[in-house]
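Asks: Here it is, the structure, as structure tokens.
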Amino acid sequence: MNNYFDITRFGRLCLAQWAENWREYAWFAAVGAMINLIFILIIFSSEAPNSFHSFNFEGQIAWYLTGLFASGLIFAGRHFRHLTQPGAALITLMRPASHLEKWLLAFLAMGVLFPLVYTLVIALMNFPMVTMAKHWSTPRVDCVGCTSAVADFRVFIPFLSQSSESTRANPDHFIRSQVFTLLILWSGQGLIASATLYFRRSPILRTTLALFVLFVLILWSGISPHRGVFWSSGSMEVLALRPLESLLSLALWTGLPVLIWLTAFFHLKEREVA
Amino acid sequence: MTRNIAKAGPWLFALTLLWFLGGNYLIDLLEKNHLAQAHRLHPALQKWDATAHIVLQSDDPSRQLPNLKLRFMAGTTQVVVHNTNLHVNVASTMHNGIRQIKFSHVKRKPGLELAPREGLHDIGIDLPLSVQTLDFLTANPVTLSADSLNPLPELNLTLQDCQTSLELIHLQVHQLTLSSNCTQDKTSREQFAEFNLGAELKIDELIANLPTGKLSYGNSETPATIRLNLSDRVVLQANSQFLRSAHFGKPPANSLQP
């Protein structure tokens, strides 16, 4: 038995988390699915009977990402909600598990299980609508530069789907974009979780305020984000990235979620100590 | 010890912020240096001796070039090319008294393409008044003008492909001859050979020999002599005075037969 990590103890922690929160998760999924269904019906009826461009491959990607970030960040904020109430906070913090195990559970729930369940729900809901859109859409007769007259109505599944028509020339970029999106999602969720742990009173309000201040600070600095190896556009496209630039951008964007989640770990420790 | 380690949280957050801002700043600096070096090595200004006949050609008509802005300049004897686009190289050769100016796309990583017109700067070409014939095989929009209203005695413009559109503005020519070697019909929304005669033009004699394409005359002043040798497939746009003054002749020999 290890003080820092014990697989049996971790398993019991996961089961306890599931037992206490499965209703919350089910409600969250149901509300998300309901909102998705309403939007699908509105968009479907407004785009019928012609293009259904919101249901083509690229339209699905845009909708998928919007929902993933919106719901993913809300889910992250809800994970440590018990810490806002003194009684529930004590129970949560006194659970027989190490800081590392509680932290790992948070990351697995937010960063791994949530995106998987979200993808499954979205794919299941999209499949019938995309099939109908494909059946009813009219071929594109006046699309300049299109390589085919029929729009791409495959169901989008991240990391499994082949790149779209417009990015087929650079499939490597398609994968890198998805990896980058995942890193940003993890960073965002880590930031929310970290702020929720740090602020003891009114965490939602203070987290929102802190994020706003952070946003203003970054804008004021005048420093714009550079995706480096995770992007291929703009003037740098004519020049291949040098090894140092590639390494720096890789370190920056992979190090960001690592540091943020490390911060969350220490904030969790601080709450327990306090 | 435990309290000290626990208080590492806020410091780690500060480090994260520094990591994000510092990392982006460093990458920005490196990229700017890299780009500046590339610009230093790229010849933005090139000059060649002019000839009466100049051919402008793209190495790959399927890929878009930046817009070409040609300008007749009094007092110059050379062809001067202004090109700040890193991904376009301009070279010139002379053959049989004809100067060929070739635009070639810099080879990049496979599959890495710029979106059309993204980050493109116009390529400016200054021409002396001695240039009389210009052939275009560039497959993109070209604008031709003059910096002053010194009249050119003669100007022959020929479109060698079906994708170049040529606009003439602010120009004075005694005899202007427009020709096209495009014999394809326009289909759906593909471009085709197009002459657009715009504002501030003073032409004494206009001759057009077009098997297909489009000729558009938007100037208020009508040439004294207009000879149009157009096939039935040419789209002609002009005001009524221009059309009344025009003499329509036999279509060129390379016109499509129905």
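Asks: Quick one: which residues, 5 or more positions from B:Glu154 or on another chain, have an amide H under 5 Å from its amide H? H modelled 1.01 Å from N in the peptide plane, none for Pro or chain starts.
Replies: Hits under the 5 Å cutoff: B:His174, B:Gln175.
Asks: Note the buried accessible area between B and A here, summed over both chains, with a 1.4 Å probe, in Å² to the nearest 100.
Replies: 3800 Å²
Asks: Right, another one. Would you work out the charge dipole size for the range B:25-79 about its Cα centre, treating the Cβ of every Lys and Arg as +1 and the Cβ of every Asp and Glu as -1, and quote it to the nearest 20 debye?
Replies: 200 debye
Asks: Need the full-extension length gain, B:Asn89 to B:Asp60, defined as separation in residues times 0.36 nm minus the C-alpha distance. One decimal, nm.
Replies: Numbers: separation 29, 0.36 × 29 = 10.44 nm, distance 1.23 nm.
Taking 0.36 nm per residue and subtracting the Cα distance, the gain is 9.2 nm.
Asks: So, one more: Please list the three semi-axes, largest first and in whole Å, of the ellipsoid equivalent to chain A, using sqrt of 5 times the eigenvalues of its alpha carbon gyration tensor.
Replies: 38, 25, 17
Asks: Return the sequence-ordered ³J(HN,Hα) values of the range A:249-266 in whole Hz as given by the Karplus equation 6.51 cos²θ - 1.76 cosθ + 1.60 applied to θ = phi - 60°, using x for Gly and Pro.
Replies: In residue order, the calculated couplings are 5, 5, 5, 4, 7, 7, x, 4, x, 4, 5, 5, 5, 5, 4, 4, 4, 6 Hz.
Asks: Another question, then. Which entries of B:Lys102/B:Lys250; B:Lys47/B:Lys102; B:Lys32/B:Lys69; B:Lys102/B:Lys202; B:Lys47/B:Lys202; B:Lys32/B:Lys102 have Cα-Cα distances beyond 23 Å here?
Replies: Table pairs above 23 Å Cα-Cα are B:Lys102/B:Lys250; B:Lys32/B:Lys69; B:Lys102/B:Lys202; B:Lys47/B:Lys202; B:Lys32/B:Lys102.
Asks: For peptide B:14-20, how many partner chain Cβ atoms fall within 10 Å of a residue's Cβ, on average?
Replies: What the average comes to for B:14-20 is 6.
Asks: Hey, any idea what % of the range A:1-87's accessible area is carbon plus sulfur with a 1.4 Å probe?
Replies: Summing carbon and sulfur atoms, their accessible area is 71 percent of the total for the range A:1-87.
Asks: If you don't mind, there's one more thing I want to ask. Tell me, what ³J(HN,Hα) does each residue in the range A:52-60 have, in order and in whole Hz, if you take phi through Karplus 6.51 cos²θ - 1.76 cosθ + 1.60 with θ = phi - 60° and put x for Gly and Pro?
Replies: Each residue of the range A:52-60 in turn: 6, 5, 6, 9, 6, 4, 6, x, 5 Hz.
Asks: Suppose we compare each residue of the range A:245-260 in its chain alone and in the full protein complex with a 1.4 Å probe; which ones drop by at least 40 Å² of accessible area?
Replies: With the partner chains in place, the range A:245-260 has these residues losing at least 40 Å²: A:Glu245, A:Leu248, A:Leu252, A:Leu256, A:Leu259.
Asks: Select from the range A:4-60 those chymotrypsin sites (Phe, Trp or Tyr not before Pro) which occupy a DSSP coil region and have at most 12 other Cβ atoms within 10 Å, ordered by residue number. Write out the running numbers ahead of the final one.
Replies: Details: sites: A:Tyr4, A:Phe5, A:Phe10, A:Trp18, A:Trp22, A:Tyr25, A:Trp27, A:Phe28, A:Phe39, A:Phe44, A:Phe52, A:Phe55, A:Phe57; in loops: A:Tyr4, A:Phe5, A:Phe52.
Passing both the DSSP loop test and the Cβ count: A:Tyr4.
Asks: Of all the stretches in chain B, which is the longest one without any exposed loop site, taking GluC sites (Glu not before Pro) in a DSSP loop (any state but H, G, I, E, B) with at most 14 other Cβ atoms within 10 Å? Please report the intermediate quantities before stating the final value.
Replies: Working: sites that count: B:Glu118, B:Glu190, B:Glu221.
The longest such stretch corresponds to B:1-117.
Asks: Per residue of B:35-43, count partner chain C-beta atoms within 10 Å of its C-beta, then hand back the mean as an integer.
Replies: Counting other chains' Cβ atoms within 10 Å and averaging over B:35-43 gives 1.
Asks: Okay, next question. Could you check what % of the DSSP bridge pairs in the protein assembly as shown are antiparallel, to the nearest 5?
Replies: Working: 16 of 81 bridges.
Within the protein assembly as shown, antiparallel bridges account for around 20 percent of the total.
Asks: Given a 1.4 Å probe, how much area per residue of chain A is accessible, in Å²?
Replies: 55 Å²
Asks: Please name whichever of B:His121, B:Ala8, B:Gly249 sits farthest to the positive end of the charge dipole of chain B, dipole taken about the Cα centre and charges placed at Cβ: Lys and Arg +1, Asp and Glu -1.
Replies: Most positive-ward Cα: B:Ala8.
Asks: What is the distance, in nm, between label points placed 7 Å from the Cα along the Cα-to-Cβ direction at A:Ser221 and at A:Leu41?
Replies: Placing both labels 7 Å along Cα→Cβ, they lie 4.6 nm apart.
Asks: Something else: Under a point-charge model restricted to the Cβ atoms of Lys and Arg (+1) and Asp and Glu (-1), what is the dipole moment magnitude of chain B relative to its Cα centre, in debye to the nearest 20?
Replies: 880 debye
Asks: Per DSSP H run of n ≥ 4, the term is -39500 (n - 2.57); total these for chain A, divide by its residue number, and report the mean residue ellipticity at 222 nm rounded to 500 deg cm²/dmol.
Replies: Working: 8 runs with 182 residues, N = 274.
So the helix-based figure for chain A works out to -23500 deg cm²/dmol.
Asks: Have a look at A:Pro128, A:Phe10, A:Ala30 and report the one farthest towards the positive end of the charge dipole of the range A:1-135, computed about the Cα centre with Cβ charges (Lys/Arg +1, Asp/Glu -1).
Replies: Most positive-ward Cα: A:Phe10.
The values are calculated or read from the model by the stated rules, or taken from the named source; none is laboratory data. These numbers come from a predicted model, not from an experiment. We place every Cβ from the backbone using ideal geometry, glycine too, and count neighbours over all the protein chains shown. Keep in mind that these areas ignore ligands, DNA and RNA; they rest on the heavy atoms of the full protein, side chains included. Shrake-Rupley method; radii C 1.70, N 1.55, O 1.52, S 1.80 Å.
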